[in-house]
Structures are given as structure tokens and as C-alpha cells.
Amino acid sequence: MTDSRIPTVRLGGGGPEVGVQGLGCMGMSFAYGPTDTDASRATLERALELGVTLYDTADTYGAGENERFLSPFFKAHRDEVVVATKFALSIPPDDPTRRIIRNDAPYIRAAVEASLTRLDLDVIDLYYMHRRDVNVPIEETVGVMADLVREGKVKHLGLSEVTGAELRAARTVHPIAAVQSEWSLFSRDIEAGVVPAARELGVALVPYSPLGRGFLTGSFANADQDLTDDDFRRQQPRFTGDNAAANAALLTPVRTIAEARGATLGQIALAWVQQRAQVHGLPVIPIPGTRKPARVAENTEATGIVLTEDELSTLEPIADKVAGDRYADMTPTSAGRE
Ligand SMILES: NC(=O)c1ccc[n+]([C@@H]2O[C@H](COP(=O)([O-])OP(=O)(O)OC[C@H]3O[C@@H](n4cnc5c(N)ncnc54)[C@H](OP(=O)(O)O)[C@@H]3O)[C@@H](O)[C@H]2O)c1
């Protein structure tokens, strides 16, 4: 077992130093089928041993269950972990395919209190707006978030799935530590607007789903055939039907590079995301999600892989060939507004 700790990097906007790879905790309670809580707890502890300090959750993951599950771990390691959670999104229990988005002051004020209660913490280290409600000016939303900082409920602010223009408007109100958006070999739409804005404004990028929700590891090839009925990936167009078959074929160059290096597909996918930091000149802290201690070790090892120019060129054309959108409804994403 390796115990070499991963390097650190500073979040933007005066934010804290964190391990250069974080841990996505969503799957421990939500979205990706059955979970084993003992294995999830062991994964959290293993991640911390390896130098992972940024832990990602949201109030909507399992309707609060994910925050409650993580609370004992966060409390046991309060000074070592950076706790990131989010508000804005809720899923009606009677219609799990629907999303309700709210960015108004009364909603945010109730959401932060509910998250603090579930987490059983005095302060949230990084508080994200999860999705943009276009009925509320972003300056107003970030104004309320800034009040939470002044009141000591939140330390740093983040935004998820915003456009470059929205990030610029938000930054006029308060420093932003991080933008969290999907970024992977399969999902590169943020490179046009959000990434240049983040670089200019000194904001870190936190790529979510850097393993393409597991598809880039080769662990499933078709959501309908390989995953349980309640798995969220069955709702995502790129993982089902003809799209899935076409997209699985795109992994061939990833596999070739992995085999030549004695690495896994997932490690090559993560190394590519991590290397966006050098390519685009900004801090990048991917948050791969896993519930298995061995996988967190495998994933953190990818921080030591530097892909060559030839390898990067081989991987470059993949994203443009991906069949099917990231979500069935792209309207609430930054790509839907850009
Ligand atoms: N802001 C947003 O809108 C948003 C949206 C989605 C996700 N997120 C956040 O981003 C985090 C990461 O994204 P994600 O979980 O959607 O996708 P991801 O990190 O791309 O992939 C997670 C999937 O990959 C599997 N996996 C992880 N490491 C693996 C390995 N080494 N080998 C094989 N399979 C592996 C996991 O299975 P096991 O768990 O079984 O290992 C899981 O099914 C989430 O946990 C969440 O915190 C944010």
C-alpha cells in the first residue's frame, strides 16, 4: 500500500490549500445504485491518508442523506478536511427525473441552515450555487452568499455550471474560490468561455465527473444493460443505446496509452484532466467519485502521471466525437445558456 501523499494547490479567491485531487462523495448515497456504507467510510479515511482534503457533497444528494452520512467523518477530521456543499437544486420525491432550481435569498438562507444542521458543523468551507436560476440576477444570489461569509456561516464561495459571463458578473460582488463544472476527455464545452474567465479572475476549476461518471474507466459500456434500474446514468443520453456503443469505441486510444504505460484507463483520463492546469494556466482540482478504498488509491496515483505531447495529441479529438448530450435536459447547464 502506498502512502505517498498527493501534491497540494491553492483554490482561487483567497481560498485554502487542498490536495490536487478531491473526492466526490455523491455516489456514497445517491445516483449510482446500491452502496456499501462500510466501504464508503473506509474510502473517506483512505483518501485522507493519501492527501485528499477537498470533499464534495450537496444538499440534494439523497435529499440530505449524503451530508448526514459524511458528518461523522468531517467532525472527526475537522482541521484536515475542506468541506464543500451546494444549494439550489431539489428533486421532487414523486418525480425523480425533474429538477427544481432556486437561487433566491429566502431559499438560500433556509438551505444553508439545513446543511449546517445535517453536517453538524459551525461553518461550511466552500459553499457552491449548484445550478443557476435565471429568474434571479447572479449578483443578487452572490450578494446573499457573501452575506453568509460575513455572518461566519460559510468561508469561501463557489459556482457550478455557470457561464463565463455569469462568473464575471459574480466576481464583481465577491471573490469566487472555485467553479465546479463537468470536465473530462468526453466533456470539454467549458473550455470556450468558463475556463478563460476563471483563469483571468484567479478562480480555480473543480472538474466534476472527470471519469465520465465511470464510463471512461471501461467499468460499464451501456447503462441500460450494465446498471441497475435506479441508476441516474440510465437517464443520460450518451450512455444508452447506439450512443453508448459509439462512445465505447472512442476509448480505444485511451486503452492503448494505458497499456503502454502499465496504467488503467481511469488513470489516463484523470491525468488528462489534471494536466488542464498546465494547458490552461489555472488551478485544477478534479473530484473523481468512488466508494472503494482501492480505487481512491488508484485515482490519486494518477496525479503522478504526466502525459506526453504525442499522447495529448492522440486524446485531443475524442470529445468532439462523443455522441449524445451530458444530460437529457441541457437547459440548466452553462452550455445551455452560452
Ligand atoms: N456540480 C454538479 O452538478 C455535479 C454533477 C455530478 C457530480 N458532481 C460531483 O462530482 C463528483 C464526481 O463525479 P461523478 O461521481 O459523477 O463521476 P466520476 O467521478 O467521473 O465517476 C464516478 C464513477 O466512476 C467509478 N470509479 C471511480 N474510480 C474508479 C476506478 N478507479 N475504476 C473504475 N471505476 C471507478 C465510480 O464507481 P465506485 O463509486 O463504485 O467506485 C463511479 O461509478 C460527484 O461525486 C459529485 O460530488 C457534481
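Just so you know, all these numbers are worked out from the coordinates, no wet-lab data involved. The structure presented is a predicted model; accordingly, all values stated were derived computationally and were not measured. Methodologically, a virtual Cβ is constructed for each residue, glycine included, from the backbone with ideal geometry; neighbour enumeration extends over all protein chains shown.
Tabulated results
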item: Packing-based order for 154-167, 115-128, using average beta carbon neighbours within 10 Å, highest first; result: 154-167, 115-128
item: Gap separating the Cα centres of the stretch 194-226 and the stretch 228-255, nearest whole Å; result: 14
item: Cα gyration tensor shape of the stretch 240-337, rounded if a/c is under 1.5, else prolate or oblate by comparing a/b with b/c; result: rounded
item: Gained length - ALA42 relative to GLN225, 0.36 nm times residue gap less alpha-carbon distance; result: 63.0 nm
item: Area projected by the alpha carbon convex hull of the chain, averaged over all directions, nm²; result: 15.5
item: Debye, to nearest 20: dipole size of the chain, +1 on Lys, Arg Cβ, -1 on Asp, Glu Cβ; result: 300
item: Proximal lysines to LYS292, defined as alpha-carbon separation beneath 22 angstrom and excluding residues fewer than eight positions away on the same chain; result: LYS75
item: 5 angstrom amide H check on ILE124, placed H, neighbours 5+ away; result: VAL154, LYS155
item: Helix-only mean residue ellipticity at 222 nm for the chain, each DSSP H run of n ≥ 4 adding -39500 (n - 2.57), per residue, nearest 500; result: -10500 deg cm²/dmol
item: Antiparallel bridges, percent of DSSP beta bridges restricted to the stretch 8-332 (to nearest 5); result: 20
item: Candidate lysines for bridging to LYS155, where Cα separation is under 16 Å - those fewer than 8 sequence places away on the same chain excluded; result: LYS86
item: Ordering of 278-285, 95-102, 41-48, 83-90 by packing [mean C-beta count within 10 Å, highest first]; result: 83-90, 41-48, 278-285, 95-102
item: Relative contact order of the chain, defined on C-alpha pairs under 8 angstrom at six or more residues apart (%); result: 21
